[in-house]
Amino acid sequence: MAWILARSRSLHLQHPLRVSLASLCSRSMSSLETRARAVFSAAVEGVQPNIVVRRSLERHGDKLLVGGKSFTLTNNLYLVGFGKAVLGMAAEAERIVGDHLIKGMVSVPHGIQKTLCNHGKEKMLLENNSKITVMEGAKNNLDADAQKSAECIRELASGLTEKDLLLVLISGGGSALLPAPAPPMSLQEKQDVTRKLAAAGATIQELNTVRRALSLLKGGGLAQCANPAQVVALILSDVIGDPLDLIASGPTVQSDSKPEEVWAIFDRYKLSDSLPSSVKEVLSKTRPHYGETKDHVLNVVIGSNTIALECASRKAVELGLRPVILSPGVCGDVRFVSQLYGLLSRFACSPEKDPPPELAAKILQLGPEVGVESWDLCRTMNVLVEEIKEGWGTTCLLAGGEPTVQLTGKGRGGRNQELALRVGLELSSSEGNNGAVFLSGGTDGQDGPTEAAGAVTDRELMEEATSQGLDIDGFLTNNDSFTFFSQLSEGRRLIMPGLTGTNVMDVHVMLLPPSPQTDLQ
């Protein structure tokens, strides 16, 4: 690690600056903001349901190509799906496979068809003569309708033969839309158990382990129902790292959890003795295995945060920016994440010949808090240093993930807007002429319970807020970032794309113009 840092500093001595950088900083802030918004839009467009399905699913006559494999179509295709984005995925899949589709069924959030129409997303809706039945459920997080949808999906899958092909479409929100408690346990009993675990302090990994163990369809249960049919799952990931067993609780991925591991979780939180008899009965049964996944199931991630960042990177090049992808796995408290971006902006826009070494040390120190590996941080700093010495103009730093917000108030906001607000404070407090622009947006178009996807900010934020009588600290304390940005300059900093129909977590865009003081020969 020391060698990497030393290497990043030695680059200053190896590449003399060939052009003056002062003129490159003359672009207006509004121009940078416009380009930041365009980069974000490209990220979202690149993971639209129809686009990712079309990119991954090809039909050539009676052959269906997906994930590097070929499947023969003989009017033997069935389709199921569950999640917030599967409606658009299903519409495109049906266009591709045509008459080979016999029957389909998708479980989607309540009211989503009407909402998509209201947002001009008619292309994500099924045709009137579609062979796919749409079932809406999970209204107000109640699962009675979703449980009915899950039962219909299970019945469809259970009736397949070895001659059939089941196409499974999965996206974020799929777990809530596929509730199927293992009998004799009721849905209410399963929910009560997981609530008690959460209240006792169980981790998300432990909760997911228990959910899969108590479900008929999660943890590979859907694939087991479809056996001996071939199963092909197309997955739009909303989980950091794209772990197949966690996305929608892995209905097509066999769970490796053993009953004793589940019992150990209940023992850890002293809940074993209070479990309902139905839960104990479920855990006493041996879960069936459907054999090697490679023989029966093909899981393919067709959309993810990484893919969104790659699309954003290509757009940045078109706009004359130099892209560098930091990480698709940014997480942790937005306070630490905002500090990281503040330090990176100071590092990239340093007026000195060599960015101060203490900046690099602080950046590396924050890595574990925000889920970014030291290697990725060092690689990014290397690129930033090299770009300064090579005479490039504005750098486009890209990242994604899903940070968290510590709730201390009852205002309206979301993690993207609060992150943008906190980064704005970091930029405002930076010394020198830091012309960075930062944008954070949710790829689903909805940041928390608000109409915005996120916001864009820069170092002028504090002065702008003060001149309009807005107390930033007060808004942050109340977690009221949406109200703040709505009142600030008539909401011009908000990102308002409307419902996008997709979801691969968040995208962060930071444009880093070179310091005008770095005018070396």
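The values are calculated or read from the model by the stated rules, or taken from the named source; none is laboratory data. Fair warning: this is a prediction, and the values are worked out from it, not measured in the lab. Positions of Cβ are generated from backbone atoms using ideal geometry, with glycine treated the same way; all protein chains shown enter the neighbour counts. When the accessible area is computed, the model is the full protein with side chains, heavy atoms only, and any ligands, DNA or RNA have been set aside. Shrake-Rupley method; radii C 1.70, N 1.55, O 1.52, S 1.80 Å.
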With only helices counted (DSSP H, runs n ≥ 4, each -39500 (n - 2.57)), the per-residue ellipticity at 222 nm for the chain, to the nearest 500, works out to -12500 deg cm²/dmol
Whole-Å distance, taken between Cα centres, linking the stretch 375-450 and the stretch 43-120: 34 Å
Other residues with Cβ under 9 Å from the Cβ of residue 108 give, with Lys and Arg +1 and Asp and Glu -1, a net charge of 0
Tilt relative to the chain, helix 305-318 - C-alpha long axis, 0 to 90 degrees, to 10: 40 degrees
Have a look at the DSSP beta bridges in the chain and tell me what percent are antiparallel, nearest 5. 45 percent
If you average 1/r over every pair of different alpha-carbon atoms in the stretch 329-384 and take one over that average, what Kirkwood value in Å do you get? 11.3 Å
Show me the GluC sites (Glu not before Pro) within the stretch 413-521 that DSSP assigns to loop and that have at most 16 other Cβ atoms within 10 Å of their Cβ. 431, 451, 460
Working from Cα positions, state the angle (0 to 90°, nearest 10) between the long axis of helix 374-390 and the longest principal axis of the chain. 40 degrees
Can you tell which of 454, 98, 469 lies farthest toward the positive end of the dipole of the chain, using +1 and -1 charges on the Cβ of basic and acidic side chains (Lys, Arg; Asp, Glu)? 98
DSSP-defined beta bridges in the stretch 33-116 - what % are antiparallel, rounded to 5: 55 percent
Among the lysines, select those whose C-alpha is under 27 Å from the C-alpha of residue 258, and discard any that sit fewer than 8 residues away in the same chain. 190, 196, 218, 270, 280, 285, 294
Taking the square root of 5 times each eigenvalue of the Cα gyration tensor, what semi-axes in Å does the equivalent ellipsoid of the stretch 331-438 have, largest first? 25, 15, 12
With 0.36 nm assigned to each residue of separation and the Cα-Cα distance removed, residue 263 to residue 152 gains 36.9 nm
Other residues with Cβ under 13 Å from the Cβ of residue 55 give, with Lys and Arg +1 and Asp and Glu -1, a net charge of -3
Counting alpha carbon pairs within less than 8 Å and at least 6 residues apart, what relative contact order, in whole percent, applies to the chain? 19 percent
Kirkwood Rh and Cα-based Rg: tell me the resulting Rg over Rh for the chain, rounded to two decimals. 1.01
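If you average the sequence gap of Cα pairs under 8 Å that are 6 or more apart and divide by the length of the stretch 120-202, what percent do you get for the contact order?
26 percent
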Trypsin sites (Lys or Arg not before Pro) within the stretch 76-173: DSSP coil, no more than 12 neighbouring Cβ in 10 Å: 163
For all pairs of alpha-carbon atoms in the stretch 449-491, what percent lies in each bin of width 10 Å, listed from the first bin to the last filled one? 26, 63, 11
Treat the stretch 362-498 as a sphere of radius equal to its Kirkwood radius over Cα pairs and apply Stokes-Einstein at 20 °C in a medium of 1.002 mPa s; give the translational diffusion coefficient in µm²/s, rounded to a whole number. 133 µm²/s
Once the Cα atoms of helix 415-428 and of the chain are each reduced to a long axis, what angle between those two axes, in degrees from 0 to 90 to the nearest 10, is obtained? 10 degrees
Note on the stretch 353-501: contact order normalised by length, alpha-carbon pairs under 8 Å, 6 or more apart, percent, works out to 23 percent
Looking at the stretch 377-426, which trypsin sites (Lys or Arg not before Pro) are DSSP coil and have at most 14 other C-beta atoms within 10 Å of their C-beta? 410
Under 15 Å, Cβ to Cβ, from residue 77 - net charge with Lys/Arg +1 and Asp/Glu -1: 0
If the reach is capped at under 21 angstrom between alpha carbons, list the lysines near residue 362, excluding any in the same chain fewer than eight residues apart. 353
Roughly how many percent of the accessible protein surface of the stretch 84-220 is carbon and sulfur, given a 1.4 Å probe and a whole-percent answer? 49 percent
